[in-house]
């Protein structure tokens, strides 16, 4: 019996009226025993490498000064009155300029971003617009588990996966492009494709050649595609051999008869403003298409949350205007890059293999036996990690571990796997 079946059986027993009125989505929903649950179990551990947010390594925020100063200088009306539907106009314009500044070949087709309550809400808006019961959602394997919860359990889409990494990945040739091309070739109806670089949970970004091959494969798809770029970890790339900018910029230039590129991003990771919950959804479209898609996204947002927090938007708008913002971002990124290099070195020193990682804030360590059993054993030793049983691996987040704690984290795992 599945977790959802178990919950439904309990509800039928203790509250028949609720059980008999559950929607199809309601019947399929259950709170997964995944990353949030495992992170909660790791609270209080001396070393907590579970949660995908950046801290000083001891649970405290590494807020950018521009964010902290903006909070202190909040305008009372801007912080307490309703924000406009779709987001503050000045913030939407500022975020559009932020996206365009990152385009390697100059700005391409891009709508005015619509503000969302975090990136998960942005993905929910994508699903509201494009997920159909029984329709295909093409996902990499491994990927973030919440994609399935949103697109399949709530909206009824049918996930299909392709193997993200080659069986024997090599430097510069890690992505399984043949598997990707085969997955596209097998499509028989308009579908949604989700790309996530730097990836969660893998912590990998493609090389420029790999990125070009992905775009070329999308361009040759046998069916029209909506290609969603989950750019949560945009800019967190630690190796010069990896592409730093989003594939959205290339995808948005493809034939609109064949491809719609959608960008979901936000301040959560890019500006290390985790509690602000301000994200954006943007489309690679222009002219009348841009007007229609923005209208539909704003309507979907109104139907789910109405408007995004005015307080968080006011903070973000002020921070984006700071002339020091880019330097402040870079300072935190350099701190993360130091943790990345330390983790690479310690894994090598301990003789522990890892899947290729070069960006974001995660690394995956293969586990020959039972990853969940190992996670629970490490909990008893004061070490928190995330188990991914379907991938037979542990996920380590170096975003939430100080550089000084990384040797202890690796030693603890090596005692069981070394």
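The values are calculated or read from the model by the stated rules, or taken from the named source; none is laboratory data. Bear in mind that the values here come from a model prediction, so they are computed numbers and not experimental data. With ideal geometry, Cβ positions are generated from the backbone for all residues, glycine too; neighbour counts draw on all protein chains shown.
Only one of the numbered conditions (1) at positive phi; (2) out of contact with any helix residue (DSSP H, G or I) (no Cβ under 8 Å at 6 or more places or on another chain) is violated by residue 235, and that is (2).
The one condition from (1) in a helix (DSSP H, G or I); (2) under 30 Å from residue 93 (Cα atoms); (3) in contact (Cβ under 8 Å) with a residue 60 or more places away in the chain that residue 330 does not meet is (3). The numbered conditions (1) free of Cβ contacts under 8 Å to residues at least 60 places away in the same chain; (2) not assigned by TED's automatic domain parsing to the domain that holds residue 404; (3) not in a loop (DSSP other than H, G, I, E, B) are all true for residue 40 except (2).
Residue check: is residue 19 in a helix (DSSP H, G or I), surrounded by 15 or more Cβ atoms within 10 Å (Cβ to Cβ), over 25 Å from the mean Cα position of the chain (by Cα) and free of Cβ contacts under 8 Å to residues at least 60 places away in the same chain? Here the answer is yes, as residue 19 does meet what is asked. Applying the set (1) at pLDDT below 95; (2) assigned to a loop (DSSP other than H, G, I, E, B); (3) in contact with a strand residue (DSSP E or B) (Cβ under 6 Å, 6 or more places away or on another chain) to residue 82 leaves exactly one unmet item: (3). Check whether at least one residue in the stretch 63-79 is under 21 Å from the mean Cα position of the chain (by Cα) and part of a loop (DSSP other than H, G, I, E, B), and report yes or no. Yes, some residue in the stretch 63-79 is under 21 Å from the mean Cα position of the chain (by Cα) and part of a loop (DSSP other than H, G, I, E, B). Checked against (1) over 30 Å from residue 275 (Cα atoms); (2) exposed (fewer than 15 other Cβ atoms within 10 Å of the Cβ), residue 11 meets all criteria but (2). Within the stretch 365-376, being surrounded by fewer than 18 Cβ atoms within 10 Å (Cβ to Cβ) and not in a strand (DSSP E or B) holds for 368, 369, 370, 372, 373, 376. Among residues that are crowded, with 20+ Cβ neighbours inside 10 Å and in a loop (DSSP other than H, G, I, E, B), residue 280 is not included. Just one of the listed residues (379, 394) is outside any loop (DSSP other than H, G, I, E, B), within 26 Å of residue 161 (Cβ to Cβ) and touching a helix residue (DSSP H, G or I) at 6+ places or on another chain (Cβ under 7 Å), and it is 394.
The residues on offer are 106, 122, and the sole one that is assigned by TED's automatic domain parsing to the domain that holds residue 315 and touching a strand residue (DSSP E or B) at 6+ places or on another chain (Cβ under 8 Å) is 122. Within the group 26, 34, 44, which residue is more than 22 Å from residue 339 (Cβ to Cβ) and in contact with a strand residue (DSSP E or B) (Cβ under 9 Å, 6 or more places away or on another chain)? Testing whether each residue is more than 22 Å from residue 339 (Cβ to Cβ) and in contact with a strand residue (DSSP E or B) (Cβ under 9 Å, 6 or more places away or on another chain) leaves just 34. In summary, helices (runs of 4 or more DSSP H) completely within the stretch 155-255 and bearing 1 or more residues that are in contact with a strand residue (DSSP E or B) (Cβ under 8 Å, 6 or more places away or on another chain), at pLDDT 95 or above and within 25 Å of residue 267 (Cβ to Cβ) occur at 248-251. The residues of the stretch 100-120 that are assigned to a helix (DSSP H, G or I) and surrounded by fewer than 22 Cβ atoms within 10 Å (Cβ to Cβ), listed by number, are 100, 101, 120.
This table checks each residue for (1) surrounded by 15 or more Cβ atoms within 10 Å (Cβ to Cβ); (2) closer than 26 Å to residue 243 by Cβ; (3) in contact with a strand residue (DSSP E or B) (Cβ under 7 Å, 6 or more places away or on another chain); (4) modelled with pLDDT under 95.
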residue: 329; (1), (2), (3), (4): yes, yes, no, no
residue: 332; (1), (2), (3), (4): yes, yes, no, no
residue: 336; (1), (2), (3), (4): yes, yes, no, no
residue: 340; (1), (2), (3), (4): yes, yes, no, no
residue: 344; (1), (2), (3), (4): yes, yes, no, no
residue: 348; (1), (2), (3), (4): no, yes, no, no
residue: 352; (1), (2), (3), (4): yes, no, yes, no
residue: 356; (1), (2), (3), (4): yes, yes, yes, no
residue: 360; (1), (2), (3), (4): yes, yes, no, no
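Scanning the stretch 256-277 for residues that are touching a strand residue (DSSP E or B) at 6+ places or on another chain (Cβ under 7 Å), surrounded by fewer than 24 Cβ atoms within 10 Å (Cβ to Cβ) and within 26 Å of residue 312 (Cβ to Cβ) gives a single hit, 268.
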